[in-house]
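What follows is a short report on a single structure.
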Amino acid sequence: MSLNRHSILLVDDDPDLLKLLSIRLESAGYPVALASSAEQALANIALARPRVVITDLRMTGMDGMALFQHLHGQDPSLPVIVLTAHGTIPDAVQATQQGVFGYLTKPFDARELLQLLQRAVSVSQSGEAASDQPDESWRKEIVTASPVMDSLLSEARLLADSETSVLIQGESGTGKEVLARAIHRAGPRAERDFVAINCAAIPDQLLESELFGHAKGAFTGAVSSHQGLFMTADGGTVFLDEIGDMPLALQAKLLRVLQDREIRPIGSNRTIPVDVRILSATHRNLADAVSDGGFREDLYYRLNVVNLSLPSLRQRREDIPLLARHFLERQPAKRPAKAFTPEAMEMLIANDWPGNVRQLQNVVEQCSVLCSTSLISAALVARALHDKESGQDLSYATAKQQFEREYLIRVLKITGGQVSEAARLAGRNRTEFYRLLGKHQLSPDMFKSIDS
């Protein structure tokens, strides 16, 4: 059974004991969810809070007391019962002093466990009613056991209820858009649209139209009016990713939108009021960009009312096992891989992850595709890491260049190298189009023979 708020979560790395316990509790009428490690338990609890946690003390990796301490720090009202074959009176005293609800030494009496569990469920139910437990679904996409991330998420939750502009900073792949979506989901605008745009992935000439829209006939190729993203998100949230790459001229127009709460589509002579919350993100140091003249200081202060800094994966290595298992569980069921060997997991934890969570997800997916057994080996992980770090340039600037070149080639193929027609389709004048061709070392003559 999957974990939900009514479940009793059993945690033990002994599959036989896990099965025996689940049979006993289910026969007593309790819905049960299982975790074969503390790390898996934390990943499950990040998605749904159980009613009670019953955990073995001695386990490979994080032990039961470490699991309790983490859970108690996050949610002191969640009852945790610890089972162990290595119990001593001093251990029991120390555990209960720290807040463990109950402590049973194996072999334990089943009736004693059920009595203890009944008391724990009663405490959990009354605690939920008294504290009115907040809905944690807003952070459902964020898998973490890191104290640094927990602190960041607590701050993000407080910000969600405000209209304050938030600047999210962090390396590429750390999950800036995921955090922005979580803030939107936790706030009063959650029922309205969340609209994201990557300012570095769209050519400068098109970015203004994408943001603010354009009127019919505003420029060559504008055969109909276009509603920009600010109008689409009216009442909701606009997320401006890689805001540090926005052209200076457009920065001035964005500043006016933030000040006046209205937009003017390209080619229109009227303004349109908009009601949006702005969240933005960048991997750049915007303070340095302001000093260098590459970013407007007044816009910087408008966007950076509150700053959230996402840690790199190197700074939250305790999350690597959780994330790796999470990504593996999301793979198609027909794939045989269900876990990593200890050596493979050690290799994942030791890696520097320049591409952060996004790179880890890619590595897990590649290993899953290539694995023919139930366990992913260290050799497969090493191969995937080598492929991902073999010098490929994964920057947004490079992706933008590649997209632009591929687009020009496609348009020239369609028009058989006729520049006037290709420029018309692209919504650019001939001069601009020739400049783009020169930038990518493309000649119209290269495509005139395609149809002949």
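The values are calculated or read from the model by the stated rules, or taken from the named source; none is laboratory data. None of these values were measured; they are calculated from a predicted model. With ligands, DNA and RNA removed, areas are computed over all heavy atoms of the protein, side chains included. Shrake-Rupley method; radii C 1.70, N 1.55, O 1.52, S 1.80 Å.
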Which one, [x] 1.22; [y] 0.94; [z] 1.85, gives Cα Rg over 2.2 N^0.38 Å as derived from the coordinates shown?
[x]
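Could you give the C-alpha radius of gyration of segment 271-357 expressed as a fraction of 2.2 N^0.38 Å, taking N as the number of residues it contains? Write out the running numbers ahead of the final one.
On the way: Rg = 20.0 Å, N = 87, 2.2 N^0.38 = 12.0 Å.
Cα-based Rg divided by the globular estimate yields 1.67.
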State in Å² the accessible area per residue of the chain; use a 1.4 Å probe, count heavy atoms of protein chains only, and round to the nearest integer.
49
Estimated [θ] at 222 nm from DSSP helical runs (n ≥ 4, -39500 (n - 2.57)) normalised by residues in the chain, nearest 500:
-14500 deg cm²/dmol
Return the carbon/sulfur percentage of the accessible area of segment 235-308, one whole number, probe 1.4 Å, all protein chains in place.
43
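Report the gain in length on full extension from E297 to T341: 0.36 nm times residue separation, minus Cα-Cα distance, nm rounded to one decimal. Don't skip to the end; give the middle numbers.
Values: separation 44, 0.36 × 44 = 15.84 nm, distance 5.05 nm.
Working it through step by step, the gained length comes to 10.8 nm.
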Greater than 27 Å apart at Cα, pairs in K176/K413; K19/K334; K216/K253; K216/K448; K19/K106
K176/K413; K216/K448
A chain fully extended from E163 to M446 at 0.36 nm per residue, minus the present Cα-Cα distance, gains in nm 96.6 nm
